[in-house]
1. For the range 235-288, what is the Kirkwood estimate of the hydrodynamic radius, computed as the reciprocal of the mean inverse distance between distinct Cα atoms, to one decimal in Å?
2. Taking θ as phi - 60°, what are the ³J(HN,Hα) couplings along the range 32-41 by the Karplus curve (6.51, -1.76, 1.60), each to the nearest whole Hz, with x for Gly and Pro?
3. Exceeding 21 Å between C-alpha atoms, which entries from my cross-link table qualify? They are K166/K232; K98/K291; K98/K123; K53/K291; K123/K232; K47/K166.
4. Hey, what do the phi angles of the range 280-293 turn into as Karplus ³J(HN,Hα) couplings, whole Hz, using 6.51/-1.76/1.60 and θ = phi - 60°, x for Gly and Pro?
5. Which ³J(HN,Hα) values, rounded to whole Hz and listed in residue order, are derived for the range 49-59 from phi using the Karplus coefficients 6.51, -1.76 and 1.60 in 6.51 cos²θ - 1.76 cosθ + 1.60 with θ = phi - 60°, glycine and proline given as x?
6. First select every other residue whose beta carbon is under 10 angstrom from the beta carbon of S273; then total the charges, Lys and Arg +1, Asp and Glu -1.
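Nothing in this text is a laboratory measurement; each read-out follows from the coordinates by a stated rule. The model shown is predicted, which means the values in this text are computed figures rather than measured ones. Cβ sites come from the backbone with ideal geometry, for glycine too, and all protein chains shown count toward neighbours.
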Amino acid sequence: MTSPAAQNSDLLLARIAEALERLSPPPPENPDFSEAHAFVWRAESQKLVGVRKVSRVELGLLRGVDFLRDQLLGNTERFARGLPANNVLLWGARGMGKSSLVKAAHADVNARLSGSPEFAGLKLIEIHREDIETLPVLMGLLRDAPYPFIIFCDDLSFDGGDASYKSLKAALEGGVEGRPANVLFYATSNRRHLLPRDMMDNERSTAINPGEAVEEKVSLSDRFGLWLGFHKCSQDDYLGMVFAYAQHYRLEAHAEQIRAEALEWAITRASRSGRAAWQYIQDLAGRLGQKLD
């Protein structure tokens, strides 16, 4: 016969177990990947949320990046066809269409391969920079799914004292399991090595072996097999972007007006970029009373 003390102990242990179960996060749910071509990773709930309408620019409207476009398209299409492909780092000048190119390439490859009977669809999953530490959990959800996935992180960089870059390194190439064969990682950044120069210099000055410390930081970008560098555009490229938008949306303004205003717009922002061109077009369309549909 169980003593009262033993019974109380068992009840206490059961309550502790129930409390711990309530505190622990629920296991990730297997999403229905057929509901959308793009998803956003919600790390706090460990769920993938489908995106019905992706905010993207048509591939033909991205000017001045023809070589980079072809490189990214080739890599993305090979991956979608089940062939070997590389993780991609799109780095360089801000506002030059790095993230727009990723989303446009995803849509273009899906459109061109949609008629192939063996093609199930290429999925794009956005993960926020602050959720990089949950990347192994996300990859675990995707490993056995019957689709190819591009995990995309926009504006990826790490600051001093931030050790989450080690999680990214392990998820991309390290670990016992390694990166799933049906997953690639695309990232955009203003930094080629994803880490600020002062952070690397500090590691060099405080480490016992400075070369090894810096090498560890640089090796993060080495996990990306394809580097695509974006540089500030020329005036001709900038105006080419502006006129391409104006023609596409049939904006009713004279070419000389558009040219003069677009150049002034760039001067006031000290920037000639795809983003500045798009912002000018939005301003022009608003003043003309036309919608950008």
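1. Working: mean 1/r = 0.0933 Å⁻¹.
Across the range 235-288, the inverse of the average 1/r is 10.7 Å.
2. Couplings: 8, 6, 6, 7, 7, 8, 9, 9, 10, 7 Hz.
3. Numbers: K166/K232 31 Å; K98/K291 25 Å; K98/K123 18 Å; K53/K291 18 Å; K123/K232 30 Å; K47/K166 23 Å.
In this structure, K166/K232; K98/K291; K123/K232; K47/K166 lie more than 21 Å apart at Cα.
4. 5, 4, 4, 5, 4, 4, x, 5, 7, x, 10, 8, 9, 9
5. Each residue of the range 49-59 in turn: 10, x, 10, 6, 10, 7, 6, 8, 9, 4, 4 Hz.
6. On the way: positive: R94, K232, R269, R272, R275; negative: D237.
Residues near S273 contribute +4 overall.
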